[in-house]
Amino acid sequence: MHKPLEPKAPPKREQTPRQILIDLLSAQSYDVRQISKEAHLSERDVIYHLEELQCSLKKSPMRLLIEPARCLSCGYVFETRERFQKPGRCPSCKAQRISQPQFSLHTSETD
């Protein structure tokens with residue numbers, strides 16, 4: 001008879017997920033998949049924290065910059081898209097070859 005496996009505790013984190021995102025995005029641009037790998041979070045969690053981070057940065061000098069997704073077939077740019085997820089297909093040519101949006105943080109300079 002096999003001994004039941006004991007559940008493993010998740011790794012301890014010294015930073016909150018949003019602090020990790022701030023550190024990552026301050027250095028360079030990432031897409032959701034890259035952030036997920038670097039921060040060890042699911043893509044769904046990354047999207048949730050990016051949305052919350054954008055709201056919480058409104059009172060801060062930092063801004064979340066989003067380079068919109070674009071169709072790799074025809075070049076259509078999803079400039080007005082407000083969701084952080086990659087679109088399913090291009091409204092122009094109906095292709096599904098879409099690049100993911102890129103996210104980065106920049107500090108706005110006030111006079």
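Would you check which residues across the range 91-111 are surrounded by 13 or more Cβ atoms within 10 Å (Cβ to Cβ) and under 25 Å from Ile20 (Cα atoms) and list them?
Of everything in the range 91-111, those that are surrounded by 13 or more Cβ atoms within 10 Å (Cβ to Cβ) and under 25 Å from Ile20 (Cα atoms) turn out to be Ser99, Gln100, Pro101, Gln102, Phe103, Ser104, Leu105.
When the residues of the range 19-36 are filtered to those that are of a type in the set (D, E, K, R) and either under 11 Å from the mean Cα position of the chain (by Cα) or not in a helix (DSSP H, G or I) (or both), which remaining residue is farthest from Pro101 (Cα to Cα)? Can you show your working first?
At the first step, the residues of the range 19-36 found to be of a type in the set (D, E, K, R) are 23, 31, 33.
Of the ones still in play, those that are also either under 11 Å from the mean Cα position of the chain (by Cα) or not in a helix (DSSP H, G or I) (or both) are 31, 33.
Values: Asp31: 6, Arg33: 10 Å.
Selected residue: Arg33.
One line per residue, one yes/no per condition, for (1) closer than 24 Å to Ser108 by Cα; (2) among the hydroxyl-bearing types (Ser, Thr, Tyr):
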{"position": "Gln19", "(1), (2)": "yes, no"}
{"position": "Ile35", "(1), (2)": "yes, no"}
{"position": "His40", "(1), (2)": "no, no"}
{"position": "His49", "(1), (2)": "yes, no"}
{"position": "Ser60", "(1), (2)": "yes, yes"}
{"position": "Ala69", "(1), (2)": "yes, no"}
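Give just the number: which of (1) free of Cβ contacts under 8 Å to residues at least 12 places away in the same chain; (2) closer than 20 Å to Ile35 by Cα does Lys94 not satisfy?
With respect to (1) free of Cβ contacts under 8 Å to residues at least 12 places away in the same chain; (2) closer than 20 Å to Ile35 by Cα, Lys94 is out only on (2).
Which of the residues spanning the range 62-81 are closer than 19 Å to Glu52 by Cβ and not in a loop (DSSP other than H, G, I, E, B)?
Met62, Arg63, Leu64, Leu65, Ile66, listed by residue number.
Does the range 15-34 hold any residues that are more than 16 Å from Met62 (Cβ to Cβ) and touching a residue at least 12 places away in the same chain (Cβ under 8 Å), and which are they?
If the condition is that a residue be more than 16 Å from Met62 (Cβ to Cβ) and touching a residue at least 12 places away in the same chain (Cβ under 8 Å), then Pro17, Asp31, Val32, Arg33 are the ones that fit.
Among the residues of the range 82-111, how many are over 23 Å from Lys59 (Cα atoms) and in a loop (DSSP other than H, G, I, E, B)?
Just the residues of the range 82-111 that are over 23 Å from Lys59 (Cα atoms), to begin with: 85-101.
If we keep only those that are in a loop (DSSP other than H, G, I, E, B) too, we end up with 85-97, 99-101.
So the answer is 16.
Using the structure shown, decide if Leu65 is touching a residue at least 24 places away in the same chain (Cβ under 8 Å) and over 13 Å from Phe103 (Cβ atoms). Lay out the reasoning, then the answer.
On the way: touching a residue at least 24 places away in the same chain (Cβ under 8 Å): yes; over 13 Å from Phe103 (Cβ atoms): no.
Considered against the rule, which asks whether it is touching a residue at least 24 places away in the same chain (Cβ under 8 Å) and over 13 Å from Phe103 (Cβ atoms), Leu65 comes out as no.
From (1) surrounded by fewer than 11 Cβ atoms within 10 Å (Cβ to Cβ); (2) at positive phi, pick out the condition that doesn't hold for Gly88.
Result: Gly88 fails condition (2) only.
Can you say whether Glu82 is modelled with pLDDT under 90 and out of contact with any Phe, Trp or Tyr (no Cβ under 9 Å at 6 or more places or on another chain), as far as the supplied structure shows? Lay out the reasoning, then the answer.
On the way: modelled with pLDDT under 90: yes; out of contact with any Phe, Trp or Tyr (no Cβ under 9 Å at 6 or more places or on another chain): yes.
Yes; evaluated as a whole, the condition is true for this residue.
The values are calculated or read from the model by the stated rules, or taken from the named source; none is laboratory data. This structure is a prediction, so every number in the text was calculated from the model and none was measured. All Cβ positions, glycine included, derive from the backbone under ideal geometry; neighbour counts span all protein chains shown.
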